[in-house]
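Student: What follows is a single structure, and I will ask about it in a moment.
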Amino acid sequence: VLGYPVVGGNTITATEGVISGFEGFMLKTSAKIEGGNSGGGAFLKKDGCWFGIPTSVTKGDLESLGNIINYSLVHQKATE
């Protein structure tokens, strides 16, 4: 996940994570998403391709999961 989080100042930050599942049209990830880097880009490390837009975080008791809007939904809405 790439973005400009509030805590990072004027620098681009990168966080890694694992896609752990799906919830509706959202992908769940362990990548850290902070205020400010939502709306950035989520990329597959292996292929270097863009696959979604980080949007929000669901905070749990033990761990937080980031939410990424799947690229296919973004592409579908853009072409409607």
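Student: Across region 28-74, how large is the tail of the calculated P(r) beyond 11 Å, expressed as a percent of all Cα pairs?
Tutor: Value for region 28-74: 66 percent of Cα pairs lie more than 11 Å apart.
Student: Working out 0.36 nm times the residue gap between Asp47 and Thr11, then minus their Cα-Cα distance, what length gain in nm do you get to one decimal?
Tutor: Additional length available on full extension: 10.6 nm.
Student: Find the lysine pairs in region 10-80 meeting two conditions, Cα atoms under 25 Å apart and a separation of 8 or more places or different chains, and report how many there are.
Tutor: 8
Student: Report in % the part of the accessible area of the chain that belongs to carbon and sulfur, leaving out ligands and nucleic acids; probe 1.4 Å.
Tutor: 58
Student: Tell me, what is the per residue accessible area of the chain in Å², probe radius 1.4 Å?
Tutor: Per residue, the chain has an accessible area of 67 Å².
The values are calculated or read from the model by the stated rules, or taken from the named source; none is laboratory data. Everything numeric in this text was worked out from a predicted model, so none of it was measured. For accessibility, only protein heavy atoms count, side chains too; no ligands or nucleic acids. Shrake-Rupley method; radii C 1.70, N 1.55, O 1.52, S 1.80 Å.
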